[in-house]
Amino acid sequence: MLVKNAKFFLGGKITEKDILIEGERIKAVGSFSGKGIDASGFLVLPGLIDAHVHLRDPGATHKEDFHSGTRAAIAGGITTVLDMPNNNPPTTTLERLEEKRAIASKKAVCDYGFHFGAGTNNFEEVKRAKPGSLKIYMGKTTGDLFLPDEKLIFLHFQNFPKDKPIVVHAEDQAIIETEGRTPLAAQVAVAKATMLAEKSGRTICIAHASTAREIELAKKWRKSLVETCPHYLFLDQEKIRHLGNLGKVYPPVRDEAERKKLWGALDSVDYVSTDHAPHLPKEKEKGAAGFPGLETSLALMLDAYNKKQIGMEWIISRMCENPARIFNMRGKGKIAPGFQADLVFVDLRKEWKVRAENMQSKCGWSPYEGMSLKGKAAKVIFRGELVLDGEEMVKEIRGKEVMQ
Ligand code: DOR
Ligand code: ZN
């Protein structure tokens, strides 16, 4: 396959070249004759990598499953997702990991990887399962995964290979129980986790930082890596008031002042994930926490780029290159010879309105419903094949596991 007249970032500069694809990989960039897909009028990005999604499969496939969730990813320009372990039952044993692998290998239409759950007593199991990433919950949330004390966190920090990432849900349970899910609950947990990481000589990833202070604390001792999510950047308490119970997410969306400060700390954010956490509206009414996000994250970022709030290179580094590096995915996250041919053509001029009824996710709602955005994924090439063309998902290609 040949992509003609592709505008993309190469070595920090925007360039226009043809991209020659052979099989699933980029063979060369340059000038080639022959017919191909014309990328004129689009900006071409590497397929996005979303390192934090909850695809609910197995256990709650009425909310999402590996098929609907990875279709949602492709629709949003995301070609790789890393699934969280807080299923019912949680992914804390090799058998459950293997079960997930079997499901994903049949249903996923983008690439995928798995975070393994850190349990109170699964240290040997973690060693046996050899997952690519470990997830630690310092505060209680959807599902039962939770580590009740610092000793267990420290033991997992020691037990897990230092060259693999540990992702921490940093909300301190004791503070949650005294004053709720305040910024302090998140900040205390970040400070604790980062100090324990320093003590054990390892790097950790702080999931979904919602305040600038968390980022500051994460970088203070041993530089923890920091993730944030679009809902902390584009929503605040005022903006979600109309959502009522739909607006519940852990950690919570903060107020306008915190949101502004978060924007001020973006240089120190290492990667952006969606934390796509789908629940049905009727479950939200009963208190379920979480937002869907796969089909809006890139578009929100492109809209911010159009408004000159954020640079394109920041978007590419935080949503493509950095997650590939942090989560040990070779051959991903860049447009260069030898890399996997996962490409997103973005239409920066496309004006559209967020409508959950047009989405692939099973959950059927979006916290951004009705929002007007400028910029969207217009075409997606996954493993060398055109899978999204405009509003149409024209083909399904089986995804493969990454980060093993
Ligand atoms: O709001 C949330 N939803 N926060 C979490 O930590 C988990 C997630 C879910 O899985 O529903
Ligand atoms: Zn999550």
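For residues in the stretch 57-96 being under 19 Å from residue 168 (Cα atoms) and not β-branched (Val, Ile, Thr), which is nearest to ligand 2 (Cβ to nearest atom)?
Applying the filter and picking the extreme gives 84.
Out of curiosity, is residue 356 in contact with a strand residue (DSSP E or B) (Cβ under 6 Å, 6 or more places away or on another chain), open to solvent by less than 20 Å² (accessible area, probe 1.4 Å) and modelled with pLDDT of 95 or more?
Considered against the rule, which asks whether it is in contact with a strand residue (DSSP E or B) (Cβ under 6 Å, 6 or more places away or on another chain), open to solvent by less than 20 Å² (accessible area, probe 1.4 Å) and modelled with pLDDT of 95 or more, residue 356 comes out as no.
Looking at 23, 76, which is the one that is under 29 Å from residue 164 (Cβ atoms) and crowded, with 20+ Cβ neighbours inside 10 Å?
It is 76.
Tell me whether the stretch 208-223 contains one or more residues that are within 16 Å of ligand 1 (Cβ to nearest atom) and touching a Cys at 6+ places or on another chain (Cβ under 7 Å). Full working, then the answer.
Of the residues in the stretch 208-223, the ones within 16 Å of ligand 1 (Cβ to nearest atom) are 208-211, 214.
Remaining after also requiring touching a Cys at 6+ places or on another chain (Cβ under 7 Å): 208.
Taking every residue of the stretch 208-223 in turn, at least one turns out to be within 16 Å of ligand 1 (Cβ to nearest atom) and touching a Cys at 6+ places or on another chain (Cβ under 7 Å).
Does any residue of the stretch 319-341 turn out to be farther than 27 Å from residue 164 by Cβ, surrounded by fewer than 16 Cβ atoms within 10 Å (Cβ to Cβ) and over 20 Å from the mean Cα position of the chain (by Cα)?
Checked the stretch 319-341: at least one residue is farther than 27 Å from residue 164 by Cβ, surrounded by fewer than 16 Cβ atoms within 10 Å (Cβ to Cβ) and over 20 Å from the mean Cα position of the chain (by Cα).
To keep it simple, each residue is scored yes or no on (1) closer than 30 Å to residue 72 by Cα; (2) within 16 Å of ligand 1 (Cβ to nearest atom).
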| residue | (1), (2) |
| --- | --- |
| 113 | yes, no |
| 128 | no, no |
| 147 | no, yes |
| 155 | no, no |
| 188 | no, no |
| 194 | no, no |
| 197 | no, no |
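When you scan the stretch 286-318, how many residues do you find that are touching a Phe, Trp or Tyr at 6+ places or on another chain (Cβ under 7 Å) and of a type in the set (A, V, I, L, M)?
Here the count works out to 5.
Among the residues of the stretch 210-251, write down those that are of a type outside the set (Val, Ile, Thr), farther than 24 Å from residue 161 by Cα and part of a loop (DSSP other than H, G, I, E, B).
Those that are of a type outside the set (Val, Ile, Thr), farther than 24 Å from residue 161 by Cα and part of a loop (DSSP other than H, G, I, E, B): 210, 229, 235, 236, 248, 250, 251.
Filter the stretch 210-236 for residues that are among the acidic types (Asp, Glu) and open to solvent by less than 30 Å² (accessible area, probe 1.4 Å); which is nearest to ligand 2 (Cβ to nearest atom)?
Across the stretch 210-236, the extreme among qualifying residues is 227.
Can you tell me how many residues within the stretch 244-267 are within 16 Å of ligand 1 (Cβ to nearest atom) and surrounded by 18 or more Cβ atoms within 10 Å (Cβ to Cβ)? Full working, then the answer.
As a first pass, look at the stretch 244-267 and keep what is within 16 Å of ligand 1 (Cβ to nearest atom): 244-254.
With the extra rule that they be surrounded by 18 or more Cβ atoms within 10 Å (Cβ to Cβ), the set shrinks to 246-254.
The qualifying residues number 9.
Out of curiosity, is residue 316 buried (at least 18 other Cβ atoms within 10 Å of the Cβ), over 19 Å from the mean Cα position of the chain (by Cα) and in contact (Cβ under 8 Å) with a residue 12 or more places away in the chain?
The answer is no for residue 316.
Restricting to the stretch 161-175, give me the number of residues that are in contact with a helix residue (DSSP H, G or I) (Cβ under 6 Å, 6 or more places away or on another chain) and either aromatic (Phe, Trp, Tyr) or surrounded by fewer than 22 Cβ atoms within 10 Å (Cβ to Cβ) (or both).
Adding up the residues that qualify gives 1.
From the residues in the stretch 198-209 that are touching a helix residue (DSSP H, G or I) at 6+ places or on another chain (Cβ under 8 Å) and outside any helix (DSSP H, G or I), which one is nearest to ligand 2 (Cβ to nearest atom)?
In this case the residue turns out to be 208.
How many residues does the stretch 98-134 hold that are open to solvent by 10 Å² or more (accessible area, probe 1.4 Å), closer than 19 Å to residue 144 by Cα and in contact (Cβ under 8 Å) with a residue 40 or more places away in the chain?
1
Among the listed residues 337, 278, identify the single one that is in contact with a Leu (Cβ under 9 Å, 6 or more places away or on another chain), in a loop (DSSP other than H, G, I, E, B) and over 21 Å from residue 233 (Cβ atoms).
From the options 337, 278, the qualifying one is 337.
So, in the stretch 43-72, exactly how many residues are crowded, with 24+ Cβ neighbours inside 10 Å and not in a strand (DSSP E or B)?
11
In this structure, is residue 300 closer than 25 Å to residue 371 by Cα and either more than 16 Å from ligand 2 (Cβ to nearest atom) or among the polar types (S, T, N, Q) (or both)?
yes
The values are calculated or read from the model by the stated rules, or taken from the named source; none is laboratory data. This structure is a prediction, so every number in the text was calculated from the model and none was measured. Cβ sites come from the backbone with ideal geometry, for glycine too, and all protein chains shown count toward neighbours. Side chains included, ligands, DNA and RNA excluded: accessible areas come from the protein's heavy atoms. Shrake-Rupley method; radii C 1.70, N 1.55, O 1.52, S 1.80 Å.
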